[in-house]
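The values are calculated or read from the model by the stated rules, or taken from the named source; none is laboratory data. Note that the coordinates shown come from a computational prediction; the quantities given were computed from them, not determined experimentally. Positions of Cβ are generated from backbone atoms using ideal geometry, with glycine treated the same way; all protein chains shown enter the neighbour counts. Heavy atoms of the whole protein, side chains included, go into the accessibility calculation; ligands, DNA and RNA do not. Shrake-Rupley method; radii C 1.70, N 1.55, O 1.52, S 1.80 Å.
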Amino acid sequence: MLATMFRLSSLSACAALALATPASFPALAQQNAAAAQDSAPYAEVADLVLQAPLVIDVTVRSAARIKGQEAAGVAANAARFYVEADVGALIRGSGAMPARIGYLVDVPLDFRGRAPNLKKARVLIFARPVAGRPDQVQLVQLDAQRSWSPALDQRVRGVVREVLDPAAPPAITGIGNAFHVVGTLPGEGETQIFLKTETGDPVSLLVLRRPNQPQRWAVSFGDIVNEDAGPPQPDTLGWYRLACGLPRRLPASALETQEGDNARLASEDYQFVLRALGPCRTAPAPAF
C-alpha cells in the first residue's frame, strides 16, 4: 500500500513538472522513425544539449501510461508515460547519478493510434535535475527523449564537448555595426560586421571582394579580425551560432554610419554570408 501511494505521489509530482515545461513538440508525428535515422541533424541536437544540464544514456525498465488530468496538454497523436530507467552513462552533468531514475515523457502514437512499447528501449534523454529528488529528472522538452543509435550517440557527445569547451563560440544576440570600405582597384572592397553576443565576447565577420576573384569571408571569435580564419566548418558549434543566430537581414541600425553604395554593398555582403552558411534547419525539421 505504501509503495502504491509513493508511486502515485511520484507520478503527480512529475506531471506537475512536465506541465510547467514550455510546450515544445517538434516533428512529433515523425519521431517513431527515429531509430531508422542514420544521422542526427546538428541543429536539433545542439538545441537540446544547450538546454540540458543533464544528458543521460538510459535503458527503460518500465513505462506506465498516464491519463486523465496528469496527461493534460498531450498532443492528440501522442501519449504520456512515467518512465523508470536504468542509468547507463552520464554524458553531460556532474556528480553521481542514482542507478535508476524516473521521468515523464510524451511519445508519438503509431499510424494505428497505438502507443509504443518502451520497455527495454535504450534512449538518450535531455533533462534537468529536480530539486530534492535525486531519483527524478525533468526533460527539457516534453519529448526530449531520443532512441539511441551509434550516430546519435557520437553526434551528442561531440556537441557536448564543444559546448563545454572554455573557448566555445558564444550565442549571437544581434548585430552591432557594419561598414564597407572600397578598395583602390575597381571591384575591390571589404565589409566588416561586428556581432553582439550573450557573453559580451567579440565576434566579427569579414567579407572580401577582389577583382576577378570570387567573394570570400571569414569569422573571428575573438578580438583579432583574421581573414585567414575562413568560415566555420558545417555542423560545428561555430556554424550553429551563426546559421541559427544571425537575423535574416542586416538591420538599419547597423548601417547608421554608411551611405549609398557602401550601405548597399554591406547588406549584399551580409546576404552572401547567410547563403554560404545555409539554413539552420530544413523544413519540416527531421526527427531523430
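For the stretch 142-178 versus the stretch 69-111, the inter-centroid distance based on Cα atoms is 21 Å. Note on the stretch 39-185: with neighbouring protein chains present and a 1.4 Å probe, carbon and sulfur make up 52 percent of its accessible heavy-atom surface. Karplus-based coupling profile of the stretch 143-156, in residue order and whole Hz: 10, 7, 10, 10, 4, 6, 8, x, 5, 5, 4, 5, 5, 4, with θ = phi - 60° in 6.51 cos²θ - 1.76 cosθ + 1.60 and x standing for Gly or Pro. Across the stretch 79-87, coupling constants 3J(HN,Hα) worked out from phi with the 6.51/-1.76/1.60 Karplus curve, θ = phi - 60°, read 9, 9, 10, 9, 10, 10, 9, 8, 6 Hz, and Gly and Pro carry x.
Dipole magnitude for the stretch 46-156: computed about the Cα centre from +1 point charges on Lys and Arg Cβ and -1 point charges on Asp and Glu Cβ, it is near 260 debye.
Toward the positive end of the charge dipole of the stretch 144-288, with +1 on the Cβ of Lys and Arg and -1 on the Cβ of Asp and Glu, the farthest Cα among Val273, Ser204, Gly222 is that of Val273. Taking amide H atoms as placed 1.01 Å from N in the peptide plane, the amide H of Arg61 lies under 5 Å from those of Glu84, Ala85, Asp86, Lys120, each 5 or more residues away in sequence or on another chain.
Dipole orientation for the stretch 33-135: of the candidates Gly68, Ile125, Gly113, Gly68 has the Cα lying most toward the positive pole (charges on Cβ; Lys, Arg +1; Asp, Glu -1).
If the chain linking Thr236 and Thr173 were pulled fully straight, counting 0.36 nm for each residue of separation and taking away their Cα-Cα distance, it would gain 20.8 nm.
If a/c stays under 1.5 just call it rounded; otherwise compare a/b with b/c (prolate if a/b is bigger, oblate if not). Do that for the stretch 124-168, with a ≥ b ≥ c from the square roots of the Cα gyration tensor eigenvalues. Cα axes put the stretch 124-168 in the oblate bin. A 1.4 Å probe run over the stretch 164-288, with the rest of the protein chains in place, finds 54 Å² accessible per residue. In this rough spin-label picture, where each label sits 7 Å from Cα along the Cβ direction, the Ala151-Ala131 distance is 4.1 nm.
Each residue of the stretch 217-224 was assigned a 3J(HN,Hα) from its phi angle through the Karplus curve 6.51 cos²θ - 1.76 cosθ + 1.60 (θ = phi - 60°); the sequence is 9, 8, 10, 10, 9, x, 6, 8 Hz, with glycine and proline shown as x. Straight-line cross-link reach from Lys196 at under 15 Å between alpha-carbon atoms covers these aspartates and glutamates, not counting any fewer than eight positions away in the same chain: Asp223.
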